[in-house]
């Protein structure tokens, strides 16, 4: 895996059957859809992948089959965040055996931890990991907003970058400034609307959920941002905003983004939209709205 990690790296959803089993046919179609769309990597078992809701057995099945279907065409990153220290190490070791390229770690998400406790956690965890590690800042889900000092310590321990999903642009710029002299350390945004600013000001890419269903849109926005093509950026950003205003806005709860993403893929015929407990898939009325929104995008492309 070439460093720094760059480009559009979708946080891939986990295709499931109604029984809760892995939808292998859907998984293969989804991976081919992503790679055909030009993505630069694939991140599995993240938030959109419903990682914490899946059994270890299903996580392992997803890891081994994802690595098989990708077949080293792009890097595969595996989320190993867990409430169990040993569980994270177990999944990391399995990921190495399966052929993954890196692992992704956010703070454990049940007990609130301090910055100093997170540093001690990393000091124990990172040396045990058999693959390169990217940090994941997701304060809305983990109760901890990683400080610059914590991220600096992660880098000292060997971390290859950070995915920031805080939505805090000032913090993101501070990361870019802090690590501007570390050319192999990736600063990746998890906020899709930040892609142009992220790239223009020195960031490296995005873990963009919408790239699950419209990978080429986000790859095109990334490439336009590399060129600082303001006309193309403006046109492409309009479409990304439309994703927020349509597909991401169906339903009342914060889970609507993951539900909308899965439903979009389902109406496109790529994979099922079943969810792992506690989430449940959209009902027919919401599904119909998503279908109509996808058709609107077809008409403007």
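Size of the chain from its Cα atoms: along the principal axes, largest to smallest, the extents are 50, 47, 36 Å. Counting beta carbons within 10 Å around each of 134, 118, 1 and listing the fewest first gives the order 1, 118, 134. Protection proxy ranking of 60-66, 257-263, by the mean of other Cβ atoms within 10 Å over each peptide's residues and highest first, is 257-263, 60-66.
With the biggest extent put first, the Cα atoms of the range 13-59 measure 30, 20, 14 Å across the principal axes. Which stretch or stretches of the range 37-66 have amide N atoms under 20 Å from the point lying 7 Å from residue 93's Cα along the Cα→Cβ direction? Flagged as within label range: 55-65. Classify the range 1-101 as rounded, prolate or oblate from the Cα gyration tensor: take a ≥ b ≥ c as the square roots of its eigenvalues, call it rounded if a/c is under 1.5, otherwise prolate when a/b beats b/c and oblate if not. Oblate. Among 248, 222, a tally of other beta-carbon atoms within 10 Å of each Cβ gives an order, fewest to most, of 248, 222.
Report the FRET efficiency, 1/(1 + (r/R0)^6), for residue 182 and residue 241, where r is their Cβ-Cβ distance and R0 is 45 Å, rounded to 0.05. With R0 = 45 Å, the Cβ-Cβ based efficiency is 0.90.
Summary value for the range 1-145: 20 percent relative contact order, contacts being C-alpha pairs under 8 angstrom separated by 6+ residues. State whether the range 99-216 is rounded, prolate or oblate according to the following rule on the C-alpha gyration tensor (a ≥ b ≥ c being the square roots of its eigenvalues): a/c under 1.5 gives rounded; otherwise a/b larger than b/c gives prolate, and the remaining case gives oblate. It is rounded, given that a/c, with a ≥ b ≥ c, falls under 1.5. Ordering of 204-211, 44-51, 81-88, 184-191 by packing is 204-211, 44-51, 184-191, 81-88, highest average first (other Cβ atoms within 10 Å, averaged per residue). Pairs of Cα atoms nearer than 8 Å and 6+ residues apart set the relative contact order; for the chain it is 20 percent. Put in order of Cβ neighbour count within 10 Å, fewest first, the listed residues 110, 274 become 110, 274.
Here residue 147 and residue 73 are evaluated by their C-beta separation; at R0 = 41 Å the FRET efficiency comes out at 0.70.
Between residue 292 and residue 18, the simple spin-label model (points 7 angstrom out along Cα→Cβ) gives 2.6 nm. Over the range 197-301, the alpha carbon radius of gyration divided by the compact-protein estimate 2.2 N^0.38 Å works out to 1.14.
Every read-out reported here was derived from the displayed coordinates using simple, explicitly stated rules and does not represent laboratory data. All values reported here derive from a predicted model rather than from experimental measurement. Neighbour counts run over all protein chains shown; Cβ positions are idealised from the backbone, glycine included.
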